[in-house]
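Only one structure is covered here, and it is reproduced in the block below.
The values are calculated or read from the model by the stated rules, or taken from the named source; none is laboratory data. Note that the coordinates shown come from a computational prediction; the quantities given were computed from them, not determined experimentally. Quick reminder, even Gly has a Cβ in these numbers, built from the backbone with ideal geometry, and neighbours come from all protein chains shown. Ligands, DNA and RNA are excluded from the accessible area calculation, which covers all protein heavy atoms including side chains. Shrake-Rupley method; radii C 1.70, N 1.55, O 1.52, S 1.80 Å.
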Amino acid sequence: MTLPGYTSNLRPASRRAVLGRGLGLLAVAAVAPLAGCSSDPAFYTLAPWPGPAQGGAPAVIEVRTPTVALSLDRDRIVGSDGDYRIKLSSGDAWSESLPTMIAHVLTANLQQRLPGSAVFAQNDSAAGVPLAVVELDVTRFARDGAGRAVLAGSLAVHPVGAPGSSSVLALTLPVQGGGTPGMVAALSGLLGQVADEAAVRLRTLGAGLRALP
């Protein structure tokens with residue numbers, strides 16, 4: 001949060017008085033901006049979104065920490081992205097780093113969709129050596145000019161150590177209700193759609209791995 005500038009209301013004092021109270025004035029100057037804050041920010045977190053569950057994916061899957069555009073990777077939530085402008089939500093912040101949060105929610109989504117597979121997020125405790133990797137790049141993650149929630153970027157699913165092709169993501173959902181809560185709920189739903197697509201590709205990849213001699 002950017003704190004308002006401190007403006008002293010003290011009247012001029014004698015040199016002796018100023019020197020005698022120097023440390024005290026420094027303490028007041030450091031504390032006064034904090035007193036000017038109207039309220040603490042409201043913290044928001046993305047949530048897992050249920051989807052169809054089906055086995056057949058590789059046994060161990062790693063979800064890499066996604067690449068998120070610098071314009072989105074900040075403490076305050078980007079409320080809208082349109083008309084060549086990015087607007088931040090006043091007083092609303094993410095509860096943790098956005099790339100880390102997206103990775104954990106996508107991991108939870110895939111764990112629910114892929115029973116029988118061990119899915120873990122990068123840098124978390126691994127359940128074994130991964131056979132497949134999920135990589136996500138996020139370039140838009142906010143409302144658009146029409147008020148819809150938008151997730152844009154690319155998704156790649158491939159075996160470990162093998163190159164994989166990326167597909168473009170351009171997903172939208174209507175925002176139910178106003179304000180930040182409705183947008184965060186819709187963005188969670190869009191991550192559910194990403195998990196649906198990744199799960200389909202992982203099952204296809206699993207079938208291919210099982211067919212290898």
Please pick out the residue among ALA127, ALA32 that is within 30 Å of GLY208 (Cβ to Cβ), in contact with a Phe, Trp or Tyr (Cβ under 7 Å, 6 or more places away or on another chain) and modelled with pLDDT under 95. ALA127
Selection over region 101-155 where residues are out of contact with any strand residue (DSSP E or B) (no Cβ under 8 Å at 6 or more places or on another chain), under 27 Å from PRO174 (Cα atoms) and among the polar types (S, T, N, Q) yields a count of 2
How about region 147-165: which of its residues are under 25 Å from VAL184 (Cβ atoms) and in a strand (DSSP E or B)? ALA149, VAL150, LEU151, ALA152, GLY153, SER154, LEU155
Taking region 49-79 and keeping residues over 18 Å from VAL157 (Cα atoms), assigned to a loop (DSSP other than H, G, I, E, B), under 16 Å from the mean Cα position of the chain (by Cα) and not acidic (Asp, Glu) leaves TRP49, ALA69, LEU70, SER71, LEU72, ARG74
Leading residue by the ranking (surrounded by the fewest Cβ atoms within 10 Å (Cβ to Cβ)) among those in region 147-165 that are touching a residue at least 40 places away in the same chain (Cβ under 8 Å) and over 21 Å from the mean Cα position of the chain (by Cα): VAL160
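Can we say GLY91 is open to solvent by 70 Å² or more (accessible area, probe 1.4 Å) and over 22 Å from THR67 (Cα atoms)?
Working: open to solvent by 70 Å² or more (accessible area, probe 1.4 Å): no; over 22 Å from THR67 (Cα atoms): yes.
Criteria not met by GLY91.
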With the structure loaded, tell me whether VAL168 is assigned to a strand (DSSP E or B) and either open to solvent by 70 Å² or more (accessible area, probe 1.4 Å) or more than 13 Å from GLN193 (Cβ to Cβ) (or both) or whether it fails that test. yes
Cβ contacts < 6 Å: first residue in contact (Cβ under 8 Å) with a residue 60 or more places away in the chain, restricted to region 125-139; second residue open to solvent by less than 50 Å² (accessible area, probe 1.4 Å) and part of a loop (DSSP other than H, G, I, E, B), any location; separation 6+ or different chain. Result? LEU131/PRO58; ALA132/PRO58; LEU136/PRO66; VAL138/PRO66; THR139/ALA69
Out of the residues in region 80-108 meeting the condition of being under 13 Å from the mean Cα position of the chain (by Cα) and part of a strand (DSSP E or B), tell me which one is nearest to LEU151 (Cα to Cα). TRP94
Matching residues in region 198-213 (touching a strand residue (DSSP E or B) at 6+ places or on another chain (Cβ under 9 Å) and either polar (S, T, N, Q) or loosely packed, with under 15 Cβ neighbours inside 10 Å (or both)) number 3
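Looking only at region 171-184, how many residues end up being in contact (Cβ under 8 Å) with a residue 40 or more places away in the chain, open to solvent by less than 70 Å² (accessible area, probe 1.4 Å) and either in a strand (DSSP E or B) or over 12 Å from VAL150 (Cα atoms) (or both)?
First, pick out the residues of region 171-184 that are in contact (Cβ under 8 Å) with a residue 40 or more places away in the chain: 180-181, 183-184.
If we keep only those that are open to solvent by less than 70 Å² (accessible area, probe 1.4 Å) too, we end up with 180, 183-184.
Next, from what is left, pick out any that are either in a strand (DSSP E or B) or over 12 Å from VAL150 (Cα atoms) (or both): 180.
Of the residues in that region, 1 qualify.
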If I go through region 119-146 residue by residue, how many of them are open to solvent by less than 30 Å² (accessible area, probe 1.4 Å) and outside any loop (DSSP other than H, G, I, E, B)? 10
